[in-house]
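The values are calculated or read from the model by the stated rules, or taken from the named source; none is laboratory data. Only a predicted model underlies this, so the values are computations on that prediction, with no experimental measurement involved. Here the Cβ is made from the backbone with ideal geometry for all residues, glycine too, and neighbour counts use every protein chain on show.
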Amino acid sequence: MTGFEALVREHQAAVCATAFAVLRDRGRSEEIAQDAFLIAWRRLPELTPQPPLPAWICGIARNLARNAARKHRETPMTATTREPAAATTPLDCALSREHLDISNRALATLRDEDREVVVLYYRGDESIASVAAALEVPVPTAQKRLSRARERLRTAIASVEATLRATRPGPAFTVACIAALAAGRMPEAAAATAAPAAKPVVPLAIGAAVLAVVGGFAIREAVSASSAPAATTASSSPSSASAASTAAPRTASRPRVRSSARHARSSGWMSLIA
């Protein structure tokens with residue numbers, strides 16, 4: 001048994017249950033749990049000290065499941081997403097579907113933290129210590145949440161228990177995780193984390209460069225425009241009429257300089273935004 005296989009076998013119940021508590025869909029939750037194991041396996045060698053397990057992997061699965069829930073509207077777990085049941089009679093199938101519907105409706109009424117405790121407990125080994133370890137909370141806190149959730153469920157608790165126990169991950173999930181690792185599959189979340197995009201930096205750098213260049217042209221234009229009237233004044237006669245005619249072009253030229261500078265700054269900022 002490889003280290004990855006041992007990791008999956010030991011913690012798959014808690015990790016799958018964490019994703020299931022968010023999505024309430026077995027197929028989708030197991031896909032999320034598989035991604036969580038792949039991400040965790042690639043990151044574990046980089047971490048010192050080693051993070052607490054399974055709480056750390058459960059945290060990855062919880063975040064991935066929440067992201068998936070935001071992208072897609074939650075759909076209740078259907079009979080097609082479950083592993084084949086042992087019951088084959090029409091009556092057994094009808095009872096199974098009824099349990100499933102009751103369970104989904106009941107779980108939907110719970111708060112997120114209470115639903116997570118219930119799912120961890122009944123999809124795992126039904127040990128409150130294991131639930132507390134997966135959530136990184138004290139045992140009394142986990143016990144209190146479980147008791148509160150049971151009280152809230154009341155008459156539906158039997159259906160919830162039956163449904164969650166029937167959807168525990170089995171050997172097929174372990175094999176799927178090993179196959180995904182062997183195929184070198186990289187979950188999207190892991191790829192995004194490993195190589196964060198730096199796209200916003202490029203437009204800002206280009207915009208700053210354009211602004212500097214355009215600003216330089218605007219400054220040179222302002223200097224040349226302001227020095228031209230001075231030369232005209234020096235070469236003209238000292239009469240008041242001539243001085244007035246020289247002052248007029250100087251006054252008229254200044255608004256154009258300011259307008260040009262404003263246009264340069266505006267062009268620079270538009271380059272930044274683009």
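Annotations
- Of all residue pairs spaced 6 or more apart or on separate chains, those with beta-carbon atoms under 8 Å, a first member in region 23-40 that is more than 25 Å from residue 100 (Cβ to Cβ) and a second member that is among the polar types (S, T, N, Q) and assigned to a helix (DSSP H, G or I) are 37/12; 39/193.
- Just so you know, in region 137-171 the residues that are basic (Lys, Arg) and closer than 13 Å to residue 123 by Cβ include one that is surrounded by the most Cβ atoms within 10 Å (Cβ to Cβ), and it is 168.
- As for region 52-66, it holds at least one residue that is surrounded by 14 or more Cβ atoms within 10 Å (Cβ to Cβ), among the charged types (D, E, K, R), modelled with pLDDT of 90 or more and assigned by TED's automatic domain parsing to the domain that holds residue 168.
- Long-range neighbours under 7 Å by Cβ, at least six apart or interchain, first residue more than 17 Å from residue 100 (Cα to Cα) within region 161-175, second in a loop (DSSP other than H, G, I, E, B): 170/83
- Filter pass, residue 43 being within 15 Å of residue 176 (Cα to Cα), surrounded by fewer than 22 Cβ atoms within 10 Å (Cβ to Cβ) and under 22 Å from the mean Cα position of the chain (by Cα): no
- Only one entry of 69, 61 meets the criterion of being under 12 Å from the mean Cα position of the chain (by Cα) and farther than 20 Å from residue 13 by Cα, and that entry is 69.
- Residues within region 1-29 that are crowded, with 18+ Cβ neighbours inside 10 Å and more than 14 Å from residue 124 (Cα to Cα), tallied: 9
- Checking each residue in region 112-142 for being among the hydrophobic types (A, V, I, L, M, F, W, C) and part of a loop (DSSP other than H, G, I, E, B) picks out only 137.
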